[in-house]
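Just so it is clear, none of the values below were taken in a lab; they were calculated from the coordinates. What you are looking at is a predicted structure, and each value in this text was computed from that prediction instead of being measured. Cβ: placed from backbone, ideal geometry, glycine included. Neighbour counts: every protein chain shown.
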Amino acid sequence: FELERLGVHDSVDAVFPPSELATHLADLPVAVDVIGDDEIADCDAVVTIEYREALLELDWIHSIQAGVDRFPFDDLEAANVILTNSTGIHDRTVGETVAGYLLAFSRRLHDHVANQQERRWERPEWDEAFTLPGKTACVVGTGTLGRGVAETLGALGVRVIGVRRSGDPVPGFEEIYANDDLLEAVADAEFVIATVPLTDETHHLFDAEAFDAMREDAYFVNVARGPVVDEPALIDALESDSIEGAALDVFEAEPLPEDSPLWSMDEVIVTPHCAAYTRDYFRDVGEIVRDNVGRLEADDEFHNRVV
Ligand code: NAD
């Protein structure tokens, strides 16, 4: 297709100012403009976070997120629209966020922050704090996020094992289990970390049975998508002390409803779907878009094509 005008949809404002990306891409041989809903039709391609039906009229949509579970693949295919995503850039950001959660739990930083709000000088119990070397983290999903998490935790001395569909080895993981052996894989891990995309297959992958299989001192981390977890089952597991705690960046309903019990649990860290945030986000997305504009000109296959 002919690319003359590339729109940066103003919905990306949820993650970075759209004008930063438009300026970053200003040297491309096409017009790049920040656009709202009513200007979608004037573009050939749009970079966006949100889906709009008007996008079905275009040739190419680029999602600034890696997760594209909100886009209607069948409709896009029927309308002959290419969809690309932003996988491949969130390894370090999410890896560091997960390392932060683990360090908060091991060094009790979340308790200190909570105490500080109350001007309370309170030391941990003698047996609460611990260190990470030698602890096991089971990372479920070994793509960009999984590998970034493995690398960051590996540098902290954590023993990292993984779960993927094939069960084949992956660099950076000491051991890999196949999906069928998920319950066995999580059983010996102090940390279980979800890094899979949301698909029919991963919907409620972490259910009551999975939480039952975890150690009582296990912390569960979700930086994937809310619905990969049966949230009531997770809440039950936390309330019944069948696992120790959780760090959650994503939820079945976002924003997390004010009345969710997860807000007020001592051993739960809630973050507002920002595990991949960085001031360089627009640059990282920009490089994927730039690369694909070059590929289009050279008549090569798009990178990160989903549909
Ligand atoms: P990716 O495509 O690099 O990796 C996904 C991996 O999951 C691939 O290796 C794939 O083979 C594997 N996979 C797919 N289905 C599976 C299944 N049923 N069982 C086991 N493994 C399966 O994507 P990524 O960049 O690593 O992102 C993964 C997901 O994380 C995204 O789809 C998105 O939903 C989520 N995400 C969340 C944030 C956040 O802010 N919290 C940021 C980026 C990505």
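For region 192-254, the set of GluC sites (Glu not before Pro) satisfying both a DSSP loop assignment and a count of at most 14 other C-beta atoms within 10 Å is given as 201, 216.
Can you give me the Cα centroid spacing of region 262-307 and region 22-43 in angstrom? One Cα centre to the other: 18 Å.
Tell me the chymotrypsin sites (Phe, Trp or Tyr not before Pro) within region 120-190 that lie in a loop according to DSSP and have at most 11 other beta-carbon atoms within 10 Å. When the chymotrypsin sites (Phe, Trp or Tyr not before Pro) of region 120-190 are filtered for loop state and at most 11 Cβ neighbours within 10 Å, 121, 126 remain. About its Cα centre, the dipole of region 95-175 is roughly 120 debye, where the only charges are +1 on Lys and Arg Cβ and -1 on Asp and Glu Cβ.
Summing Cβ point charges (Lys, Arg +1; Asp, Glu -1) relative to the Cα centre of the chain gives a dipole of roughly 1240 debye. With K and R counted +1 and D and E -1, the other residues having a Cβ less than 14 Å from that of residue 101 yield a net charge of -3. Going by neighbour counts of Cβ atoms within 10 Å, the residues 206, 191 line up, fewest first, as 206, 191. Plugging the Kirkwood radius over Cα pairs into Stokes-Einstein for region 179-307, at a temperature of 37 °C and a viscosity of 0.692 mPa s, what D comes out in µm²/s? Reported coefficient: 199 µm²/s. Taking other C-beta atoms within 10 angstrom as a stand-in for reagent exposure, 109, 248 fall in the order 109, 248, fewest first.
Look at the dipole of region 188-249 built from charges on Cβ: of 206, 224, 243, the Cα furthest out on the positive end belongs to 224. Among the trypsin sites (Lys or Arg not before Pro) found in region 237-307, those both in a DSSP coil and sparsely packed, with 15 or fewer other Cβ atoms within 10 Å of their Cβ, are 279.
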